[in-house]
1. Run the quick spin-label model on V89 and T4: label points 7 Å from Cα toward the beta carbon, then report their separation in nm to one decimal.
2. For region 33-70 and region 17-32, what is the separation of their C-alpha centers, rounded to whole Å?
3. Using Cα atoms only, what is the angle between the long axis of helix 120-150 and the major principal axis of the chain, expressed in degrees (0 to 90) to the nearest 10?
4. Please find, in a Gaussian network model of the chain (springs between Cα atoms separated by less than 10 Å), the residue of R88, R67, R11 whose mean-square fluctuation is greatest.
5. What distance in nm lies between label points placed 7 Å from Cα along the C-beta direction at N82 and E150?
6. Against the 2.2 N^0.38 Å scaling, with N counting residues, where does the chain land? I'd like the Cα-based Rg ratio to two decimal places.
7. Using only helices, what value at 222 nm comes out for the chain when you add -39,500 (n - 2.57) per DSSP H run of length 4 or more and divide by the total residues, to the nearest 500 deg cm²/dmol?
8. Given contacts defined as C-alpha pairs under 8 Å and at least six residues apart, what's the relative contact order of the chain, whole-number percent?
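Quick note: the coordinates plus some simple rules give every number you see, no bench work behind them. Worth saying up front: this structure is predicted, and the values here are computed from it rather than measured. All Cβ positions, even for glycine, are placed from backbone atoms using ideal geometry, and neighbour counts span all protein chains on display.
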Amino acid sequence: MEWTESIVVDRPVDVVHAAVADENVLMRWSAWPAATGYTCSVEGDGRSIGSCIVFRDTDGVEQGRQRLERVSDDRVEYRLTNRGPGGRVLHPEVDFRLEPLGEARTRVHLDFRNDLPLPPLVRQVVGTLLARRVRALHVKDLQDLKAHVESRPVAR
């Protein structure tokens, strides 16, 4: 599975960058905790490479981790380890690419990749079903990011 979703945020790239490169801030706007019912906590400072968001189910059992892998001025990369269908371990990749549109706007691209460890036919069926839900949550994530960042006053 692989796709890119994009949105334009009416804030400068540095403001948007701060909202996606700090896991503590990311958890304030992310659609995933509410959608999954998982509780989330940050291990590490949330801004350093190797920091992780840890997802736990209602019984407190760890269901996944989102690790901050790489940060540059125009890109923030996360690598995940999650329990997927049938208890299989999945390793999705989520990258935020930030494209300045002048001084006050930013186009945010969310790139998603995930190879499902399943036989080809099963992978296609499961991938189609998972893609609907996951992609819809990525769209919601971008909308929530936009709302979060744009609700903050512009520094002058």
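1. If labels sit at V89 and T4, their model points lie 3.1 nm apart.
2. The distance from the Cα centre of region 33-70 to that of region 17-32 comes to 11 Å.
3. So the helix axis and the longest Cα principal axis differ by about 20 degrees.
4. Maximum among the listed residues: R88.
5. 2.6 nm
6. Values: Rg = 15.8 Å, N = 156, 2.2 N^0.38 = 15.0 Å.
The reported ratio for this selection is 1.05.
7. Values: 4 runs with 51 residues, N = 156.
The helix-only estimate for the chain comes to -10500 deg cm²/dmol at 222 nm.
8. Details: 295 pairs, mean separation 44.9, N = 156.
Over the chain, the number comes to 29 percent.
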